[in-house]
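Quick notes on the structure that follows.
The values are calculated or read from the model by the stated rules, or taken from the named source; none is laboratory data. Just so it is clear, the structure is predicted and the values come from calculations on it, not from any experiment. Cβ sites come from the backbone with ideal geometry, for glycine too, and all protein chains shown count toward neighbours. Calculation scope for accessible area: heavy atoms of the full protein, side chains included, ligands and nucleic acids excluded. Shrake-Rupley method; radii C 1.70, N 1.55, O 1.52, S 1.80 Å.
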Amino acid sequence: MASRRSVRRAIVGIVAVALCATVLYPSSSMAAGTVDVGVLQSLTGTMAISEVTVKNATLLAIDQINAKGGVLGKQIVPIVEDGASDPSMFAQKAQKLIEQDKVATVFGGWTSASRKAMLPVFERFHGLLWYPVQFEGNECSPDIMYSGAQPNQQILPALQWAEQKGYKSIFLLGSDYVFPRTANLILKKHIVHDGGTVAGEEYVPLGGSDFSAVINKIKVAKPQIIFNTLNGDSNVSFFKQMAAAGLPSAKLPVMSFSIAEQEAKAIGPSLLEGSYAAWNYFQSLPDPVNKKFVAAYQAKYPGSPVDDPMAHGYLDVYAWAAAVTKAGSFDPEKVRKAATSLAYSDVGLGETKFAGNQSLVQTGYVGELQPSGQFKILWQSKGPILPVPYDPLSFPGKTCVL
Amino acid sequence: MIRRELGLVLVLVAAACAPLYLPAYELSLLGRFLALAVLAMGISLIWGTGGILSLGQGVFFGLGGYAVAMHLKLASADPGAVPDFMQWSGLNTLPWWWTPFGNPAFAIAAAVIIPGTAAAALAYLVFRRRVTGSYFAIITQALALAATTFIISQQQYTGGFNGLTGFTSAFGFALGDQRTQFGLYWVTVGIVAVTFVAVRALQGSLFGKVLLAVRDGENRVRFLGYDPLPFKVIAFAIAGVLAGVAGALVTLDLGVISPAMFGVVPSIEMVIWVAVGGRNSLLGAIVGTLIVNFGKDWISSVFPDLWLHVVGAVFVLVVTVAPRGIVGLMQSVRTRSLRLRPVTPPALVE
Amino acid sequence: MSETTLVAGQLFNGISVASILLLAALGLALSFGLMRVINMAHGEMLMMGGYLTYLSIAVFGKGAGFAVGLVVAFVGTALFGALLEITLIRRLYGRPLDTLLATWGVSLILQQAARSIFGPIGVEVTAPPWLSGTLSLGGTVMTGFSIPGVRAFIIVLAAVVLGAVALIIARTRLGLLIRAVHENRPIADALGANTRLVDLAVFALGTGVAGLAGSALSLIAPVTPTVGQSYIVYAFLVVIVGGLGSLTGTLVAALLIGVFSATAQIATSQSFSDVLLLLCVIIFMQFRPRGIVSQGSRALEET
């Protein structure tokens, strides 16, 4: 008897869930004077630390463009979704934004895993994703605009700088995931090609906090510099344990590829002081447009530093708006064509443009971390670098065909 | 009896007709969550009926997902070329154990057999030494951690942290096609229905009764002349198979399988679906899976900061106030019984 | 030279990791051994200890702040543990699997609370000046091998805490009651021992030790809302390998696991040594399913 009732109750339950699902989702109306865009970043979970700031920078750009009258006479309405640091959630939410909210474009993603998970969704619905973070390359899709650096725009310039400084013996240390492994694969080829030596290569599980063995191996290998692709909190443990072991950055230099101003603030500048980082943007860039961007951001979020992925998240919105204006349409197909034919100078990165492979042309910088948490720019590449998704030395014969 | 079956048929018809009245996005969510409900029914079988709490069902889910994903990856790669992630991990020849997954029938069989065998082996090794309860829960949790760490570290063979994605077609159907999505949805509904009927039949059989007895007093079952080991191993293997099937369906639907989908935290979330719905009820497993997942999709969009608080509170409340979950609460309301606590088996004082 | 340094260094690291595991697992072993309660929020007790240390340093400055932080972390988390025991754990007595789920819920709430109060990014705790040196063994065969002061401190702290807990159990009236309840709960109850009070004391002591551990760990690891998660699974492994509520077992298990993973890492990566570790634990349980030190009991069923 009880189970008959439970069946009937369950029917009611399932119907109620289905009803709730349809009622609670506000279907976005394409009001005459507005255009919806998606902003998809992790607001919760391990990646929220970094991704929330990119979301803020993206929203700032949208506000600024709206204040100037919007794009094609329409106000931009951001629909913010949470990827929850879970790649499958990114795929699910990307599908929601495109299929249900019918957004014109989506700004978002941070980890390679999130981008890879969203890629099939964008290819299936022919949407357009603006991806703001440096990554490992080896990908080119017509449905993604890659404004973050390709390996040849961040990692290889750093190697070039290290070689100029006379560092020959390099230890490669990273979290165990795709970006560090691919970056180190490329680095190894180039180090050997340039006549240097790879003193060691170690990976620590994501979120790992015990570096005793790694530091021991570093001590035995005696490298001149460490190239560090550790992610997030692992950096805190690594730098604390290096300092405890009597190897602060002043004694054994560390070049980091995932520590920008935000992360430096989180880890604590005093631990990182004297370590190096390679990026395509630093808050300290002496560009007047950049000063305006930083001031506008800090007016909204006092005391918050600005960093490379945020600058790219900010740039993406401006680039999209300019491309829409030029194309005279929100159609992703027309927008991406227009985007690669424009140059942008209003976003703090100097004069930049998207190359034909839909990646950004940009300059590489090396900075040294100061006690203030800001980077002192030590070096910059000779002019902007063209993006190369497939490193010719490591992946011969592969090219990007859109 | 007839009315009971009638209700089930009605639900089935309503679910099968969902493509007619649900918007595309909700439909795809419903399909995905129904696939997860297959896994939840497995948890209901081992936990509700068998008293075995596993915090590592994600591992079997992942095994099923990877088996199918390996096939999709090979089918999507250019003829003669290795999958893209192997190329950028510096691997230029296909490992031998990848080769058979080129065959779709092998991949589908593997998605069922591998998780089932792995679950049976684990259960045999652990239960053989009469390791139960909390010990078993912790071992399965460690297993979830070790499995994800291992898969991430073997990037050149498994796609690492990114997992496997970028599929174009599945078994000859274009994945982006609307009809493929509908077809997959109906296959999912069919599997849910078959699983429900089969597991219910199993619970009603002698096997189910012994399993229930093992939950309430394992040693008493021994005294009655039954060896609990095969019952527990078979139940756990069935739950493993169901998790693998769910993993395969979700991978097809979402187009991605990655370690982040089945590590320690997702594995424990799977348990809460069942706890919310009602661990002793198969329907509860389905209802709980749908409610928690739709709730997550909604709350995490609207109040992202609130999500963890809500999940945490739900855990505490379900366990303390309503251990029989939603289905149990409804029964209590129906029978006007205010006794919400479960009837705990008498403690054995030796 | 380098080979010996590597091996010697890893042996030391094994002991260092073991001391961390011991601190993290000791509280868990206490409550699990006595109450059969799996406290999934144990990791968050470590986290809480870290944040309390941060607050103490903010109030008392870098030098003294850390020392004060150790005490504050112990007392603060012990009080929180007592509160948790009274409001939640006690209600679930005899339902260990449900306790496991409920405390997991508590851990999620605590993580989110830490995020709301201190922000998603971690807070900065650095080693006080009196701990930031290294002990060098230059001039001997072990040239190039040095011991970080922070790690030496954690080893000493683990030893002191273990000794103190052992003393409490062996020499005090509370310890006598704990042993009695551990041996046979119904009889102890019948003989007038206030088992509820004993449970409360043990649980609070266990969480207090976790807070102390969190305080010490803040020297070498980040203080973030999710820091507890990275220790919890290993702490559990130590407890089940060690055996039910045996201090000796816990110590031996921590040493075994610490030295195992450190020596495995001489030859392989950390990821792989983690996987090997779990395989070994499952194999180990084929031989000693109740852990290294199992209580000689004729009871048919452990509850």
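Quick rundown of the values:
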{"read-out": "Global size of the protein assembly as shown as Cα Rg and Dmax, reported in angstrom", "value": "28.7, 89"}
{"read-out": "Inter-centroid distance (Cα atoms) of segment C:154-222 relative to segment A:350-375, Å", "value": "55"}
{"read-out": "Positive-end extreme of charge dipole, segment C:3-229 - chosen from C:Leu83, C:Ala190, C:Ala67 (charges on Cβ)", "value": "C:Ala190"}
{"read-out": "Ranked by how many other beta carbons lie within 10 Å on average, peptides B:124-130, A:131-137, A:186-192 from highest", "value": "A:131-137, A:186-192, B:124-130"}
{"read-out": "Mean Cβ neighbour count within 10 Å, used as a protection proxy, ranking C:261-268, C:28-35 highest first", "value": "C:28-35, C:261-268"}
{"read-out": "Average beta-carbon neighbours from other chains, 10 Å sphere, peptide B:277-286", "value": "3"}
{"read-out": "Exercise: per-residue mean of other protein chain Cβ atoms within 10 Å, B:315-325", "value": "5"}
{"read-out": "Span from the segment B:44-115 Cα centroid across to the segment B:243-270 one, whole angstrom", "value": "11"}
{"read-out": "Longest segment of chain C lacking GluC sites (Glu not before Pro) that sit in a DSSP loop with at most 16 other Cβ atoms within 10 Å", "value": "C:1-300"}
{"read-out": "Most mobile listed residue (C:Phe203, C:Phe66, C:Phe153) in chain C, GNM with C-alpha springs under 10 Å", "value": "C:Phe153"}
{"read-out": "Pair B:Ser332, C:Arg179: separation of 7 Å Cα→Cβ label points (nm)", "value": "4.3"}
{"read-out": "Spin-label pair C:Ser132/A:Gln75, simplified geometry with 7 Å Cα→Cβ offset, distance in nm", "value": "5.2"}
{"read-out": "Magnitude of the charge dipole, segment A:173-233, Cβ model with Lys/Arg +1 and Asp/Glu -1, debye to 20", "value": "220"}
{"read-out": "Rounded Å value of the spacing that divides the Cα centres of segment A:30-66 and segment C:1-68", "value": "39"}
{"read-out": "Charge dipole (the protein assembly as shown, unit charges on Cβ, about Cα centre) - positive-most of B:Val271, B:Ala198, B:Thr117", "value": "B:Ala198"}
{"read-out": "At most 16 other Cβ within 10 Å, DSSP loop - GluC sites (Glu not before Pro), segment A:313-402", "value": "A:Glu351"}
{"read-out": "With DNA, RNA and ligands ignored, accessible area of A:Trp110 (1.4 Å probe; Å², nearest 10)", "value": "40"}
{"read-out": "Of B:Gly172, B:Gly50, B:Gly159, the one that fluctuates the most in a GNM where chain B has Cα springs shorter than 10 Å", "value": "B:Gly172"}
{"read-out": "1.4 Å probe accessible area per residue over chain C, in Å²", "value": "38"}
{"read-out": "Beta bridge orientation in the protein assembly as shown: antiparallel %, DSSP, nearest 5", "value": "40"}
{"read-out": "Global form of segment B:221-305, assessed from the alpha-carbon gyration tensor, a/c cut-off 1.5", "value": "prolate"}
{"read-out": "Chain B, dipole about Cα centre (Lys/Arg Cβ +1, Asp/Glu Cβ -1), debye to the nearest 20", "value": "1340"}
{"read-out": "Descending Cα extents along the principal axes, segment A:164-246, whole Å", "value": "33, 29, 19"}
{"read-out": "Charge dipole magnitude, Cβ of K and R +1, D and E -1 - chain A, Cα centre, debye nearest 20", "value": "500"}
{"read-out": "Anisotropy class of segment C:220-281 from Cα gyration tensor, a/c 1.5 cut", "value": "oblate"}
{"read-out": "Environment charge at A:Asp308 (Cβ cut-off 12 Å; Lys +1, Arg +1, Asp -1, Glu -1)", "value": "-3"}
{"read-out": "Set of lysines near A:Lys291 by C-alpha distance (under 25 Å), chain-local residues within fewer than 8 positions excluded", "value": "A:Lys55, A:Lys68, A:Lys265, A:Lys300, A:Lys353, A:Lys376, A:Lys382"}
{"read-out": "Order by protection proxy (mean Cβ within 10 Å, highest first), peptides A:391-398, A:247-254", "value": "A:247-254, A:391-398"}
{"read-out": "A:Ser112, C:Ser294, reordered so the largest accessible area comes first (probe 1.4 Å)", "value": "C:Ser294, A:Ser112"}
{"read-out": "Among B:Ser267, B:Ser332, B:Ser258: highest mean-square fluctuation, GNM of chain B, C-alpha pairs under 10 Å", "value": "B:Ser332"}
{"read-out": "Accessible area of C:Trp130 in the full protein assembly, 1.4 Å probe (Å², nearest 10)", "value": "130"}
{"read-out": "Listed residues B:Leu224, C:Leu26, B:Leu249: farthest to the positive end of the dipole of the protein assembly as shown (Cβ charges)", "value": "B:Leu224"}
{"read-out": "Angle between chain B longest axis and helix B:24-43 axis [Cα atoms, degrees, rounded to 10]", "value": "60"}
{"read-out": "Accessible area, probe 1.4 Å, largest first, for residues C:Phe80, B:Phe303", "value": "B:Phe303, C:Phe80"}
{"read-out": "Segment A:195-295 shape via C-alpha gyration tensor axes, a/c threshold 1.5", "value": "prolate"}
